[in-house]
Structures are given as C-alpha cells and as structure tokens.
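What follows draws every value from the coordinates through simple rules; no lab data is involved. Here the structure is a predicted model, which means the values were calculated and not measured. We place every Cβ from the backbone using ideal geometry, glycine too, and count neighbours over all the protein chains shown.
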Amino acid sequence: MRVLFITSNRIGDAVLSTGLINHLIRQYPELRLTLACGPEAAALFTETPNLEQLLPFEKEPRSRHWRKLWRQVRWTRWDLVVDLRASALSYFLWARKRRVYRPKDDDVHRVAQLSQFFGLEEPAAPGLWFGERQVTKAKALIPQGGPVLAVGPTANWGGKQWAAGKFAEVVLRLTAAGAALDGARIAVFGAQSEREEALPLVERIPRQRRIDLVGRCDILTAAACLQECSMFIGNDSGLMHLAAAVYIPTLGLFGPSRDDLYAPWGDHCAVVRTAASYAVLSKMPEFHPQRHDSLMDSLSVDSVEAAAVDLWRSFHPQEISSAAQAGR
C-alpha cells in the first residue's frame, strides 16, 4: 500500500494531521508512506512508522514548489494520495484513489473536520512518534525530580503573544509555596529565533527551578521534553499542539485566533480567552501579519491562573498542597 500524504507547512496544522497518519498506519500494516510538507514541519515526522520517504519542500513564487514536488513523485503508482493542501498536483499523479481536503467555513474544530473528510466515525486524535535519540535527550534535559510546568511564551505572530511579564507572574504564582504546583520547576520552550521574546520570562524564574530550553533542541526533541512535563501553559502555537499531542494537561491562551477551530485537542486540554472576542480583535488595525503588536492585553493574569489551577486539579488532585486546599 503506497500512500503519498501531503500536509501543512505550519507545525500546528501538521500536528493536527497526525491523527489521520496514525489511522492509515493502523489500517494498513504494509503501508509504505511518502510524506511531503514544509521544512519546519518535516522534523516532526522523522520517526514516523512505515515512512519510506520524507519530502520537505519550501513554498516558492509562482507555485514552483508544486512542480518540483511533482517531479519527485510522478513516476510512482500510488494506491492513495491524501492532499490536505488542495493542490492541483494531486490530479496529475497516477493514483487508485485520491482524497483532497478543502477546509470548510463552519465552526468545527480542525481535527473533527479532517476526521469527517476521511469518513471516520470518531475524531482521529493527534499523536507523535519518537525515537530513542529524542527520548534520551529529553530525559537528560528534564531530569526526574518533581513536577515541571512547561511554558510556551511565543507564537508565530506577535498578535497572539501574551506579554512575557504576565507569563512570569502567573507561573511564579502557580509554583509559589502553598500554591497548586508548589515548588515545581519551570521549563521555557521556544526556538532560537524567539529567544529575545522569551528572555524576560526566563530571567524572572529562580535559577534553581529554571529549565531554559529556548533554542536548545529540535522540534521533535522539544515534544519529547514536553512529554516529561506535568502541564503546559502557552499561546496558540505549534508548541501548544505538540503539548496536547503528547497528552499532558494543556492550557491554550487565545485572543486573535479561533479556539473553536484550533483549541488544543483532547479532554486533557482547556482554553482561556481574552476579554475581547475574536470578532472584535479581528476588526482592529493591528490584526495583520505584518504588525507585531500584541492583541492579548485583555487576558488577565488572574483568569489564566484560575484556569490553570482548575486544569491541574482535574488531573493531579493528589498533588495539591494542603495549603492550596485550605485556600479554596
């Protein structure tokens, strides 16, 4: 069973598509998978079972990237072509069957949309695959020694970034003596290119409880590190979807993006939104990919702390300190 699976450039969307890949792997034990996606997302798939070929491709002017990809895959007789980017390429390949996804405008989460597109009765939950190298490095970067609160203070657009100072305030509250995560270590995640934005948070964390992972590992190793953590709090980002996909309690912070479509997926996840709605924020002049002004200012530290405590209590009731219980 030879399958060409074309997925997203963006890490978050690529993570959400992994449920379909897992479905194919389970359905076809003899699967021979070729996976095409953007170069940043490609690092997520290096340990995918049944992977025969990984084809990263960069978007180019005049759709040259599609022509290059077509030249790489045109000679294969595919049993199935799955195209989540609705490209014309899929119709110029020899294939027994094609599935070309076109997003709908309804208010249905992306995971549910993809699962419906595949005709699945139940949503195909995202899930990642690790090799020994990623697991070993993750355990070295986050050694055992009590709970770890993971934080993702960055995003692919400044509008979605809550202020680093507010992140610092909420994580220090949550890990203070007598709080829900009393004494927990704090792991800060992000790419090397995002270090400047993350540094104000990193520097506020006491050194003895700080795990600075900004720019220290590739994206798949970062996901393995998240798996070693107890909970994640972060902006709407690819990192948030990674945390949800490794099944740790995940709190996503939303403002100028739609949580109905892109909330972290699963019963172990929760969302807290800005006081200003998406409808209001999307009409502001700052709502533009070239602008870097944060649109998250109406999200309060108190509301994030309350949502985080509720999520923590749902999954770690035995670890709530007696002082925290007394203050309820």
Footprinting exposure proxy for MET284, MET296 (fewest neighbouring C-beta atoms within 10 Å first): MET284, MET296
Test of understanding: in a Gaussian network model of the chain with alpha carbons linked when under 10 Å, which of PHE118, PHE254, PHE167 would top the mean-square fluctuation ranking? PHE118
Here the Kirkwood hydrodynamic radius of the chain, Cα-based and in Å, equals 20.8
Hydrodynamic radius by Kirkwood, which averages 1/r over all alpha carbon pairs of the stretch 117-184, in angstrom: 15.8
Once the Cβ-Cβ distance between GLU60 and ALA306 is put in as r, and R0 is 45 Å, what FRET efficiency do you end up with, to the nearest 0.05? 0.45
For helix 195-204, report the angle its Cα long axis makes with the longest principal axis of the Cα atoms of the chain; keep it between 0 and 90° and round to the nearest 10°. 30
For LYS139, LYS160, what's the fewest-to-most ordering of other Cβ within 10 Å of each Cβ? LYS139, LYS160
What does the charge add up to near THR46, with Lys and Arg as +1, Asp and Glu as -1, over the other residues with Cβ less than 15 Å from its Cβ? -3
Under 12 Å Cα to Cα from LYS137, which aspartates and glutamates show up? Leave out anything in the same chain fewer than 8 places away. ASP218, GLU228
Footprinting exposure proxy for PHE117, PHE5, PHE315 (fewest neighbouring C-beta atoms within 10 Å first): PHE315, PHE117, PHE5
Divide by every residue of the chain the summed helix terms, -39500 (n - 2.57) for each DSSP H run of at least 4, and state the resulting mean residue ellipticity at 222 nm, rounded to the nearest 500 deg cm²/dmol. -9500 deg cm²/dmol
Charge context of GLY190, other residues only, Cβ under 11 angstrom, K/R +1, D/E -1: -2
Straight-line reach from LYS160: which lysines have Cα under 16 Å away, leaving out those fewer than 8 places along the same chain? LYS283
Under a Cβ-Cβ cut-off of 9 Å, what is the net charge of the residues other than SER294 that fall near it, where Lys and Arg count +1 and Asp and Glu count -1? -2
Using packing as a proxy for protection, rank 36-44, 122-130, 97-105 so that the peptide with the highest average count of other Cβ atoms within 10 Å comes first. 36-44, 122-130, 97-105
Could the peptides 180-191, 226-237 be put in order, highest first, of the mean number of other beta-carbon atoms found within 10 Å of their residues? 226-237, 180-191
Relative to the longest principal axis of the chain, what angle (0 to 90°, nearest 10) does the C-alpha long axis of helix 132-141 take? 20
Mean separation of Cα pairs under 8 Å and 6+ residues apart, divided by the residue count of the stretch 2-117: what relative contact order is that in percent? 27
How big is D, in µm² s⁻¹, for the stretch 67-169 by Stokes-Einstein at 37 °C and 0.692 mPa s if Rh is the Kirkwood radius over C-alpha pairs? 177
The chain, relative contact order in percent, only Cα pairs under 8 angstrom and at least six apart counted: 17
Given an 8 Å cut-off on Cα distances and at least 6 residues of separation, report the relative contact order of the stretch 1-49 as a percent. 54
